[in-house]
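Beneath this line is the structure, given in structure tokens, with notes to follow.
The values are calculated or read from the model by the stated rules, or taken from the named source; none is laboratory data. For clarity, every value in this text was computed on a predicted model and none was experimentally measured. Cβ: placed from backbone, ideal geometry, glycine included. Neighbour counts: every protein chain shown. Areas reflect the complete protein model, heavy atoms only, side chains present, ligands, DNA and RNA absent. Shrake-Rupley method; radii C 1.70, N 1.55, O 1.52, S 1.80 Å.
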Amino acid sequence: LMMLLPWLSIASLHPKESQTYIIHMDHSLKPDHFSNHESWHQHMVKSLSSACPEDKETFLYSYTHVMHGFSAKLTSCQLAELEKSSAHLTTYEESFGKMFTTHTPRFLGLNHGSGIWPTASYGKDVIIGVIDTGIWPESQSFNEKGMSEVPSRWKGKCENGTAFSPSLCNNKLIGARSFNKGLQAADINISTEYDFESARDFEGHGTHTSSTAAGNFVYGASHFGYANGVAKGIAPRAHLAMYKVLWSSYTMESAATDVLAGMDQAISDGVDMSLSLGFNNAPLFKDVIAIASLSAIEKGIVVVCAGGNFGPGAATTHNGAPWIITVGAGTLDRSYLATLQLGNGMTFEGTSYFPMNVLITNRHLYYGSNDTQTAGCKYLPRDQVKGKVVLCDDSNLDLNGQMQAAITSGAYAVIFLSESLFLDPEEYSIPGVVLHTRYAKAIKEYVMTGNNTIVKSMRFGLTKIGTGPAPQVAFFSSRGPDPISPSVLKPDILAPGVDVLGAVRPDVPFMDAGKYELATDYALMSGTSMAAPHVAGVAALVKSVHRDWSPAAIRSAMMTTATNTDNTLGTIRDQWNGDMAMPLDFGAGHVNPNAAMDPGLVYDMGPQDYIDFLCGLGYTTKQMSTILRSSQWSCENRTDLNYPSFIAYFSNQTTLLSEKQFTRTVRNVGDNASTYRASLKVPPGMILKVEPDTIKFMNKFEEHKFVLSIQVGKHIPKVNYGYLEWIDERNHIVSSPVVVLKD
């Protein structure tokens, strides 16, 4: 399983005499006298000196699995000469990216007594490859107690390096490598003060406490906290291998050449899970990570990818190729709180991540009501604010700026009024609480009664479990429709991605709190990059139970068993505005691990299905060859992908009852004899029909086709959705969202 995270964004190099390129080659044209493709690649680069004798070349990496080709630093003369070769397919300029940046197993319904955990043996003998910022091997997350021996199929190793010895590896952490030739070729200096020339992590990230498990996979994140979730949370008996591709530099960027090298090595080493990284949106034939992921899919490796942190706007999903499981972020039923009592006795409860159990009593309350600059805490007069609790209203939407103004002015604590904005945990340098604007009127009325208004008490460090409604779609989680592949509903699924506990580097301060610099072993993190490892973990558990299932079947099992309701039994809501969310926000719903183990039916696909999908996009022969890493392919059937969700587009000129049809094939993976009946949940303005509406299976693995017809009237909302559910006599509910968009 390969998981791609969206913390990379493309940024081309400034023009230079020489520049790094990723070169796609037609591997079938390798001359026989070369023993392998790497020797051929190196020879091609060295031979450029004859045409460009004054130019120096630098060979970086040869890629075998994620693509056929290599990376090198070349001049324009050398590149022009290289592109004359009949074996040359495509050239990409180097690109760079940056990071986007426990209780979750219980929230997901995992328990030791029953369900997928014991059935999957907690991920025993799985090897999870993590493509990340490195690892802090001393973390308790990587204790080998209770672990089995290293699987014989493992081909990797632990590299020696700065502050990292191979002896630090064990039966839990079985491999560690690092890749930085791309950064070095770009003349980006890696910090010797903060980083290590080894697989050791400069940020101390290890793994968040709830992620991963079995099957063929590679996992890449941006914190060793993620690996902890994989290692100790969802798949506590899985082995771990680290591939460091992100380094501490003045740009804090990672090179695509290094990321591809890490992915390529992970697959070569025999990992079972790879969660890797994603770049900004680009056509599939220009997206090196999408191309690498398709290669992984062809090898039976599941690819899981964070959908991006660009919400709440529409059409902001990233990593939406149809062979990737694209994950959105949801909230948990766990809240971090502070209470406030004013001098008049009114009490309020709000969000706070201030890390200390602090009680503040009888402090003067300041509110600069006469000036929007001070009311919104854009500016605060130190002589009036020092030592007081400051009220900041929502006339200024920059909570970070409000906090900094309060700190600069010497405020003792802060009360923020905000309807939908949040502060990251590490921003709470002084005590602060975020209260909803619904309380604004009552608080302002009190504070404006005179100069002696006080905060009677503020209590911090409170945690509540079981709060709701949860999950909600995180305000930052990217939304569909996908801008690159709009014919496929994205994101696919939702998973915990807000306030997930992750391991951090324990020997450096994580944050400031008052006069103190705080260090910790674990900290709260949020992002779709935290959500994706949860889905990767569930996919791995499903794979360990069903070893012969394809990546598409595993995705189908998770999507068709996902839940679209929260813990109050209502439709999942949007954290941004509190409104009901929709499949463009959460895909099929929130991942449900135990149900995914026994989905009843699956919508399966293989490499040829993706080839047929690409054939329908109108790409040129060269573009197709680039994506497929081959000069030969066949376009067999350009019908719809056999996807476990539906999205249909209708024009504003749609006449009464315009219709679109979708053909799908379902495979019985439950009991031998089963009968499934279609149940349709349809909103006003839509008509759904299924033919046939009853499917009878006589044998396990038997397949049947059906056709879903979608009809819409002229006067329907721009976005509308319903559900198709296949239900059998054994309580399997195979659910698919059906989304209609009018342009």
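What residue, among those in region 405-426 that are over 17 Å from G514 (Cβ atoms) and acidic (D, E), is least open to solvent (accessible area, probe 1.4 Å)? Across region 405-426, the extreme among qualifying residues is D424.
Here are some residues: L380, L365, L332. Which one is more than 30 Å from S268 (Cα to Cα) and under 38 Å from the mean Cα position of the chain (by Cα)? Walk me through how you get there before you give the answer.
Details: L380 fails: under 38 Å from the mean Cα position of the chain (by Cα); L365 fails: under 38 Å from the mean Cα position of the chain (by Cα).
Matching residue, one of L380, L365, L332: L332.
Here N171 meets each of (1) modelled with pLDDT under 80; (2) open to solvent by 10 Å² or more (accessible area, probe 1.4 Å); (3) among the polar types (S, T, N, Q) with one exception, condition (1).
Out of A540, A536, A581, report the one residue that is over 18 Å from the mean Cα position of the chain (by Cα) and open to solvent by less than 10 Å² (accessible area, probe 1.4 Å). None of the others qualify; the one that does is A581. Only residues that are modelled with pLDDT under 95 and not in a loop (DSSP other than H, G, I, E, B): list them for region 361-373, please. The answer is T372, Q373. Among the conditions (1) within 14 Å of the chain's Cα centre (by Cα); (2) surrounded by fewer than 18 Cβ atoms within 10 Å (Cβ to Cβ), the only one that K464 does not satisfy is (1).
If you filter region 18-77 down to residues that are open to solvent by less than 10 Å² (accessible area, probe 1.4 Å) and at pLDDT below 90, you find that the one that is farthest from I131 (Cα to Cα) is M67.
Inspect all residues belonging to region 617-635 and state whether any of them is among the aromatic types (F, W, Y) and surrounded by 22 or more Cβ atoms within 10 Å (Cβ to Cβ). Steps first, answer last, please.
In the first step, residues of region 617-635 are kept if they are among the aromatic types (F, W, Y); the result is 619, 633.
Subsequent filtering for residues that are surrounded by 22 or more Cβ atoms within 10 Å (Cβ to Cβ) retains none.
The answer is no, given that none of the residues of region 617-635 is among the aromatic types (F, W, Y) and surrounded by 22 or more Cβ atoms within 10 Å (Cβ to Cβ).
Going through region 78-97 one residue at a time, which ones are of a type in the set (S, T, Y), in a strand (DSSP E or B) and buried (at least 18 other Cβ atoms within 10 Å of the Cβ)? Passing the criteria: T90, Y92. Search region 327-341 for residues being out of contact with any Leu (no Cβ under 9 Å at 6 or more places or on another chain) and part of a strand (DSSP E or B), and hand back the single one that is nearest to G589 (Cα to Cα). Of everything passing the filter in region 327-341, R334 is nearest to G589 (Cα to Cα).
As an exercise: evaluate G350 against (1) touching a strand residue (DSSP E or B) at 6+ places or on another chain (Cβ under 8 Å); (2) more than 17 Å from A338 (Cα to Cα) and give the number of the one condition it does not meet. Checking G350 against (1) touching a strand residue (DSSP E or B) at 6+ places or on another chain (Cβ under 8 Å); (2) more than 17 Å from A338 (Cα to Cα), the one that fails is (2). Scanning region 353-404 for residues that are polar (S, T, N, Q), farther than 26 Å from Y336 by Cα and buried (at least 16 other Cβ atoms within 10 Å of the Cβ) yields one hit, T374.
Each row is one residue, and each column tells you yes or no for (1) closer than 20 Å to P737 by Cα; (2) under 30 Å from the mean Cα position of the chain (by Cα).
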position	(1), (2)
P593	yes, yes
P599	yes, yes
V602	yes, yes
E636	no, no
N652	no, no
E659	yes, no
D671	no, no
P683	yes, no
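Pairs are defined by a Cβ separation below 6 Å, a sequence spacing of at least 6 or placement on different chains, a first member in region 59-86 that is under 14 Å from S47 (Cβ atoms), and a second member that is part of a loop (DSSP other than H, G, I, E, B); the pairs so defined are L74/E57; C77/C52; C77/D55; Q78/C52; Q78/D55; Q78/E57; E81/A51.
Among the residues of region 129-157, those identified as surrounded by fewer than 22 Cβ atoms within 10 Å (Cβ to Cβ) and among the hydrophobic types (A, V, I, L, M, F, W, C) are M147, V150, W154.
Within region 125-171, which residues are of a type in the set (K, R) and either under 12 Å from G270 (Cα atoms) or not in a loop (DSSP other than H, G, I, E, B) (or both)?
Keep residues of region 125-171 that are of a type in the set (K, R), which gives 145, 153, 155, 157.
Scanning region 125-171 gives R153, K155, K157.
Residues of region 670-692 that are open to solvent by 90 Å² or more (accessible area, probe 1.4 Å) and either of a type in the set (D, E, K, R) or touching a Cys at 6+ places or on another chain (Cβ under 8 Å) (or both): R677, K681, K689, E691.
Out of G307, G278, one residue alone is in contact with a strand residue (DSSP E or B) (Cβ under 9 Å, 6 or more places away or on another chain), open to solvent by less than 10 Å² (accessible area, probe 1.4 Å) and at pLDDT 90 or above. It is G307.
Counting only strands (runs of 3 or more DSSP E) wholly contained in region 473-566, the ones carrying 2 or more residues that are in contact with a Phe, Trp or Tyr (Cβ under 8 Å, 6 or more places away or on another chain) and either at pLDDT below 85 or polar (S, T, N, Q) (or both) occupy 500-503, 511-513, 522-525.
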